[in-house]
1. Over 19 Å between C-alpha atoms is what I'm after, so list which of Lys42/Lys195; Lys44/Lys102; Lys42/Lys155; Lys104/Lys170; Lys104/Lys195; Lys76/Lys127 land there.
2. For the chain, what class follows from the C-alpha gyration tensor (a ≥ b ≥ c being the square roots of its eigenvalues): rounded when a/c is under 1.5, otherwise prolate if a/b is larger than b/c, else oblate?
3. Taking the Cβ of Ala31 as the centre, find all other residues whose Cβ is under 14 Å away and add up their charges (Lys, Arg: +1; Asp, Glu: -1).
4. Starting from the amide H of Ile133, placed 1.01 Å from N in the peptide plane, find each other amide H under 5 Å away whose residue is 5 or more places distant or on another chain.
5. What are the DSSP H helices in the chain that stretch 15 Å or more along their long axis, judged by alpha-carbon atoms, and whose average Kyte-Doolittle hydropathy comes to at least -1.0?
6. Name the residue, out of Ile11, Ile133, Ile253, whose mean-square fluctuation peaks in a Gaussian network model built on the chain with Cα pairs under 10 Å.
7. Using Cα positions and a limit of under 20 Å, work out the lysines in reach of Lys228, with same-chain residues fewer than 8 apart set aside.
8. To the nearest 500 deg cm²/dmol, what mean residue ellipticity at 222 nm is calculated for the chain from DSSP H runs of n ≥ 4 alone, each contributing -39,500 (n - 2.57), summed and divided by the residues?
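Every number here is computed from the coordinates shown, using simple stated rules; none is lab data. No experiment lies behind these values; they were computed from the predicted model shown. FYI the Cβ positions are ideal-geometry reconstructions off the backbone, even for glycines, and counts take in every protein chain you see.
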Amino acid sequence: MNNLHKQTWLITGATRGLGFQIASAALLAGANVVATGRDLQKLKDVFDDTENLLLLELDVCDEPQIQRITETAFKKFGSIDVLVNNAGFGQLGLFEEVTPEKVKAQFDTNVFGLMSMCRSVLPFMRKQRSGLIYNISSIGGSLGFENSSIYCSAKFAVEGFSESLALEVKQFGIDVTIVQPGFFRTDFLDQSSVKFGTIAIDDYAQYAKALNDAYRSQNQQQAGDPKKLGQLLVEIAQKPARPMRLAAGSDAIEYLGTANSNRQNDLNKWADYSRKTDIND
């Protein structure tokens, strides 16, 4: 891949949080940056106008709009070297308390929007025979959490898609890295972002309240520094080899390490039973 000062980064969900910090870190390092968000004015409010920055309005659920901004980005800078699929939100709540419409909205943004971005950008990267896609997942993409069945299922989908996509596009010099942040101090748990279940079920009442209150109490108390994550992704982008999965935060290492260990333990414990399904001629 080109040196960073010649790279063009296309970042979704760049108005605030991780997306804003990733865009800021790339700009500071000298890259061209296409920062997108659903509200163009809000983008203009948080970014200074510079020659190597292009601000574009984008809803990742709008496929024609995705195609237009991708073409605009390429026409402006002549390449798309790094795609950061960051746009998304957290649909929390117990499974039975989340409406089917809310489940669909979660997948439309966090999964299908991400896929649509990849579909739009990959032809440019294939032509270049180079590129890097950062798909922002979560520790919730590798292990389940109470009150997060919908969010985790969407992130699990992102990880399965990303790992498979990486195998398909490696032949073109394109890398896919799954970023798995732990708990970062962003607006993720703010009322303006996070969503909870809206179907009240008596059997779950006390349990749901305790879980929702626990999540709300963590807002702006998280240990992860979004600015440092932005700097880390810029650093990784300059390396000749990138990881398939990148845990972000010491808490992510702990959570993911425990989850991997538990899976290996189950695999070993039940291996003799698993082998019983083989055809023995």
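1. Numbers: Lys42/Lys195 21 Å; Lys44/Lys102 30 Å; Lys42/Lys155 27 Å; Lys104/Lys170 31 Å; Lys104/Lys195 13 Å; Lys76/Lys127 17 Å.
Among Lys42/Lys195; Lys44/Lys102; Lys42/Lys155; Lys104/Lys170; Lys104/Lys195; Lys76/Lys127, the Cα-Cα distance tops 19 Å for Lys42/Lys195; Lys44/Lys102; Lys42/Lys155; Lys104/Lys170.
2. Details: a/c = 1.80, a/b = 1.28, b/c = 1.41.
Since a/c reaches 1.5 but b/c is at least a/b, the shape of the chain is classed as oblate.
3. On the way: positive: Lys6, Lys76; negative: Glu51, Asp81, Glu235.
Overall, the nearby charge balance is -1.
4. Leu83, Asp175, Val176, Thr177
5. Numbers: long enough: 17-28 (17 Å, 1.58); 63-77 (21 Å, -0.86); 114-128 (21 Å, 0.21); 149-169 (30 Å, 0.70); 205-217 (18 Å, -0.87); 226-237 (17 Å, 0.43); 250-269 (28 Å, -1.23).
Once both thresholds are applied, what remains is 17-28, 63-77, 114-128, 149-169, 205-217, 226-237.
6. Maximum fluctuation in the GNM of the chain, among the listed residues, is at Ile253.
7. Lys239
8. Values: 10 runs with 127 residues, N = 281.
About -14000 deg cm²/dmol.
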